[in-house]
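The values are calculated or read from the model by the stated rules, or taken from the named source; none is laboratory data. These figures come from a predicted structure and were not determined experimentally. Note that each Cβ is placed from the backbone with ideal geometry, even for glycine, and that neighbours are counted across all protein chains shown. SASA here: full protein model, heavy atoms, side chains in, ligands and nucleic acids out. Shrake-Rupley method; radii C 1.70, N 1.55, O 1.52, S 1.80 Å.
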Amino acid sequence: MDGIMNIYKEPGYTSFDVVAKLRGILKQKKIGHTGTLDPDAEGVLVVCLGNATKLSEMLTGKDKEYTAVLRLGVTTDTEDMSGRVLRELPVDCDEETVRAAVKSFQGEYQQIPPMYSAIKKDGKKLYELAHAGIEIDREPRQVEIYEIEVISIALPLVQLRVRCSKGTYIRSLCRDIGERLSCGGCMEHLLRNRVSSFTAETALKLSAVEQLKEAGRLKEAVSPIDSLFPSYRRLTVHRGAERYLYNGNRLTMESFPQRPDALASEELVFIYDTKGELKGLY
């Protein structure tokens with residue numbers, strides 16, 4: 001089966017757990033996700049099936065939106081409440097100061113990723129080093145916070161809505177806001193509301209996927225591969241060019257029944273055979 005599923009990852013599961021359970025439900029090996037969620041986090045996990053896994057790298061850069069709860073006054077080694085408490089400080093700031101500090105992170109900024117992450121250093125994942133009690137210096141990475149707003153404040157808790165770029169760690173954002181307020185902070189809860197057009201409201205828990213499988217309605221939960229790229233042009237080859245398409249060979253303008261309008265040199269287009277089946281991204 002080829003396509004994309006919008007899975008609701010529940011707290012307590014790793015993203016790998018979700019993929020492993022789906023392999024068992026679907027009886028299919030070729031499955032991957034497009035962006036890890038921490039075990040305690042929940043929400044949208046976009047999963048690729050079959051040939052869709054070839055596009056997973058393109059999907060990881062999609063726009064993401066989160067709702068997070070920041071706890072001020074507490075700093076931990078994992079940057080969330082699951083970790084070991086390193087420091088506790090009083091929260092003396094008022095709501096207006098908190099709102100200003102939060103808003104100051106809108107835009108681009110250099111973020112130091114957490115030690116407890118899957119980023120690799122000399123072939124080792126950082127979380128493996130962290131579990132061994134080793135902490136190393138991490139290079140800051142430029143991320144972008146497209147939008148950030150305070151939903152509610154009940155100090156020391158601050159609920160945030162964040163829309164951000166690929167590579168942004170919300171845990172680290174919470175840490176940085178706490179540092180700016182001079183009291184420290186960590187993430188108490190995280191919900192991924194949206195990845196591109198996939199939302200938490202329409203995401204399916206694993207139990208719901210199992211029910212659809214048993215009812216023979218699994219296709220209802222699978223979106224076509226090209227559905228995430230509505231701006232890409234769709235071209236169909238003529239029958240004589242299908243053998244080139246099936247083998248992944250180069251196509252020329254003569255491969256199409258009607259010569260397509262001018263294509264930009266780096267433009268990506270979906271190519272279909274005469275049966276209307278998607279066969280390639282060129």
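Counted by Cβ distance under 10 Å from Leu281, the other residues give a net charge of +1, where Lys and Arg count +1 and Asp and Glu count -1.
Note on the chain: Cα-only Rg and Dmax are 22.2, 74 Å. Rounded to the nearest 10 degrees, the inclination of helix 15-26 to the longest alpha-carbon principal axis of the chain is 40 degrees.
Between Thr252 and Arg234, residue separation times 0.36 nm minus the direct Cα-Cα distance comes to 5.0 nm.
Of interest is the spacing of the C-alpha centroids, which for segment 1-23 and segment 92-153 amounts to 25 Å. Between Thr36 and Arg243, the FRET efficiency estimated from the beta carbon spacing at R0 = 45 angstrom works out to 0.70. The magnitude of the dipole of segment 205-282, with charges of +1 and -1 set on the Cβ of Lys/Arg and Asp/Glu and taken from the Cα centre, is near 180 debye.
Modelled spin labels at Tyr146 and Glu266, positioned 7 Å past Cα toward Cβ, are 1.9 nm from each other.
Once the other residues with Cβ under 11 Å from the Cβ of Gly107 are scored (Lys, Arg +1; Asp, Glu -1), what is the net sum? Net charge around Gly107: -2.
The calculated P(r) of segment 86-205, using every Cα pair and 5 Å bins from 0, goes 2, 9, 18, 20, 18, 16, 11, 5, 1 in percent. Helix 170-180 axis versus longest C-alpha principal axis of the chain: approximately 30°, rounded to the nearest ten.
Would you mind getting the accessible area per residue of segment 217-269, heavy atoms of the protein chains only, 1.4 Å probe, in Å²?
72 Å²
Summed over qualifying helices (DSSP H, 4 residues or more, each -39500 (n - 2.57)) and divided by its residue number, the chain shows a 222 nm mean residue ellipticity of -5500 deg cm²/dmol. Shown are Ile4, Ile153, Ile134, whose ranking by accessible area with a 1.4 Å probe and every protein chain present, most to least, is Ile134, Ile153, Ile4.
With all protein chains present and a 1.4 Å probe, how do Ile112, Ile145 order by accessible area, largest first?
Descending order: Ile112, Ile145.
Extension gain for the segment Thr199 to Glu139, taken as residue separation times 0.36 nm less the Cα-Cα distance, is 18.4 nm to one decimal.
Counting charges near Lys9 (Lys, Arg +1; Asp, Glu -1) among other residues having Cβ under 9 Å from its Cβ returns a value of -1. Backbone N atoms of segment 18-48 closer than 16 Å to the 7 Å Cα→Cβ label point of Gln211 are not found in any residue. Determine the share of segment 38-194's accessible area contributed by carbon and sulfur atoms, expressed in whole percent, with a 1.4 angstrom probe. Here carbon and sulfur together make up 46 percent of the probe-accessible area. The solvent-accessible area of Met1, taken with every protein chain present and a 1.4 Å probe, is close to 90 Å². Here the chain is scanned for trypsin sites (Lys or Arg not before Pro) in DSSP loops (not H, G, I, E, B) that have at most 11 other Cβ atoms within 10 Å, and the longest stretch holding none of them is 85-216.
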